[in-house]
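> Just passing along the structure, written as structure tokens.
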Ligand code: MG
């Protein structure tokens, strides 16, 4: 007979119980059965007498991560100036080093007095480098002499990965559709507020851009997102784009898989100026 797993006398200690039962087993079971049964009983007895261990007490060191050490970057003297790990895309003098026209030739914009100005009809200019996720600092100025109205006044634009426009426009006392004014993500997101300075004054954009990730079928796995500070004021807060910027149409219909892309500055026939352009790859 094999021990059923219960002690006959509930008053027996586990050790005594084991001894008695072993005697009983010896008379009725094979040696192999006996060995297995004893092992089973020892574990059972240990289980009956074991006390649950107290959880380990947390120490402050357990949640401190030391490696790898965070890389050191030297910031600029002010937030306008490039930190040590930035790529300077325009330093006020040499445009050709980093920029081309849309055919890959010399950019036809005018460089003067530390800034570059759109030349009507010269076409948009693009970086030679391609980018994915970036932090972009760029300064822009619309003409002090106001001409035109709505979308015709100081219009240009900053296209991320050649597709996604952050609108540049003289939106100081100049109504247009809200999702097309300065700091809008053109025709997709109006800015939270209008932080425009007067025509002729320099303005800043600090843009944090996350490129889209794609599914196998070319749809967005995660859409592109854009955060914009306009003159230090948060105006786009991690806004999700529906697709590329389109003047006419539905952005979703124009989504297609793409890789890293250039930054493009738009020629919209207005003499908008740019300076102090730098980028950090994220
Ligand atoms: Mg534009």
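> Can you find a residue that is closer than 27 Å to residue 174 by Cβ and within 16 Å of the ligand (Cβ to nearest atom) anywhere in the stretch 100-112?
yes
> Continuing with this model, one more query. Would a scan of the stretch 118-135 turn up a residue that is modelled with pLDDT under 95, within 15 Å of the ligand (Cβ to nearest atom) and either surrounded by fewer than 18 Cβ atoms within 10 Å (Cβ to Cβ) or closer than 19 Å to residue 245 by Cβ (or both)? Break it down stepwise before answering.
First, the residues of the stretch 118-135 that are modelled with pLDDT under 95: none.
The answer is no, given that none of the residues of the stretch 118-135 is modelled with pLDDT under 95, within 15 Å of the ligand (Cβ to nearest atom) and either surrounded by fewer than 18 Cβ atoms within 10 Å (Cβ to Cβ) or closer than 19 Å to residue 245 by Cβ (or both).
> Report the residue count in the stretch 158-176 for those that are surrounded by fewer than 21 Cβ atoms within 10 Å (Cβ to Cβ) and within 12 Å of the ligand (Cβ to nearest atom).
2
> Can you report the number of residues in the stretch 237-249 which are within 15 Å of the ligand (Cβ to nearest atom) and without any contact (Cβ under 8 Å) to a residue 60 or more places away in the chain? Explain how you work it out, then say what you get.
We begin by selecting, within the stretch 237-249, every residue within 15 Å of the ligand (Cβ to nearest atom); these are 244-248.
Subsequent filtering for residues that are without any contact (Cβ under 8 Å) to a residue 60 or more places away in the chain retains 246, 248.
Residues flagged as within 15 Å of the ligand (Cβ to nearest atom) and without any contact (Cβ under 8 Å) to a residue 60 or more places away in the chain within the stretch 237-249 amount to 2.
> Going through the stretch 218-231 one residue at a time, which ones are without any contact (Cβ under 8 Å) to a residue 60 or more places away in the chain and more than 13 Å from residue 196 (Cβ to Cβ)? Please lay out each step first, then the result.
Step one: of the stretch 218-231, the residues without any contact (Cβ under 8 Å) to a residue 60 or more places away in the chain are 218-223, 225, 227, 229-231.
Hits for the stretch 218-231 are 218, 219, 220, 221, 222, 223, 225, 227, 229.
> Hey, among the residues in the stretch 238-255 that are in contact with a strand residue (DSSP E or B) (Cβ under 6 Å, 6 or more places away or on another chain) and surrounded by fewer than 16 Cβ atoms within 10 Å (Cβ to Cβ), which one's farthest from residue 205 (Cα to Cα)?
It comes out as 240.
> Does the stretch 183-194 hold any residues that are within 11 Å of the ligand (Cβ to nearest atom) and farther than 17 Å from residue 209 by Cα, and which are they?
If the condition is that a residue be within 11 Å of the ligand (Cβ to nearest atom) and farther than 17 Å from residue 209 by Cα, then 187 is the only one that fits.
> Among the listed residues 179, 215, 155, which satisfies the condition of being surrounded by fewer than 19 Cβ atoms within 10 Å (Cβ to Cβ), within 15 Å of residue 247 (Cα to Cα) and either without any contact (Cβ under 8 Å) to a residue 40 or more places away in the chain or within 11 Å of the ligand (Cβ to nearest atom) (or both)? Spell out how you get there, then give the answer.
Working: 215 fails: within 15 Å of residue 247 (Cα to Cα); 155 fails: surrounded by fewer than 19 Cβ atoms within 10 Å (Cβ to Cβ).
Exactly one residue qualifies, and that residue is 179.
> Follow-up. Looking only at the stretch 190-212, which residues are touching a residue at least 24 places away in the same chain (Cβ under 8 Å), closer than 18 Å to residue 175 by Cβ and within 23 Å of the chain's Cα centre (by Cα)?
Selection gives 191, 192, 193.
> Let me ask something additional. Does the stretch 257-269 contain any residue that is over 19 Å from residue 87 (Cβ atoms), surrounded by 18 or more Cβ atoms within 10 Å (Cβ to Cβ) and within 18 Å of the chain's Cα centre (by Cα)?
No, the conditions are met nowhere in the stretch 257-269.
> Sort out which residues of the stretch 250-274 are in a loop (DSSP other than H, G, I, E, B) and either at pLDDT below 95 or away from the ligand (no atom under 16 Å from the Cβ) (or both), and write them in order of number.
Restricting attention to the stretch 250-274, the residues satisfying the condition of being in a loop (DSSP other than H, G, I, E, B) are 250, 255-260, 262-263, 266-272.
Correct list: 250, 255, 256, 257, 258, 259, 260, 262.
> Of all residues in the stretch 142-152, which are surrounded by fewer than 23 Cβ atoms within 10 Å (Cβ to Cβ) and either near the ligand (Cβ under 9 Å from one of its atoms) or within 14 Å of residue 268 (Cα to Cα) (or both)?
Passing the criteria: 143, 147, 148, 149, 150, 151, 152.
> Confirm whether residue 99 is in contact with a strand residue (DSSP E or B) (Cβ under 7 Å, 6 or more places away or on another chain), surrounded by 15 or more Cβ atoms within 10 Å (Cβ to Cβ), more than 20 Å from residue 281 (Cα to Cα) and modelled with pLDDT of 95 or more. If you could, list the steps in order and put the result at the bottom.
Numbers: in contact with a strand residue (DSSP E or B) (Cβ under 7 Å, 6 or more places away or on another chain): yes; surrounded by 15 or more Cβ atoms within 10 Å (Cβ to Cβ): yes; more than 20 Å from residue 281 (Cα to Cα): no; modelled with pLDDT of 95 or more: yes.
Against the criterion (in contact with a strand residue (DSSP E or B) (Cβ under 7 Å, 6 or more places away or on another chain), surrounded by 15 or more Cβ atoms within 10 Å (Cβ to Cβ), more than 20 Å from residue 281 (Cα to Cα) and modelled with pLDDT of 95 or more), residue 99 does not qualify.
The values are calculated or read from the model by the stated rules, or taken from the named source; none is laboratory data. Everything numeric here is computed off the predicted structure, so don't read it as measured data. Counting neighbours? That spans all protein chains shown, and the Cβs are built from the backbone with ideal geometry, glycine included.
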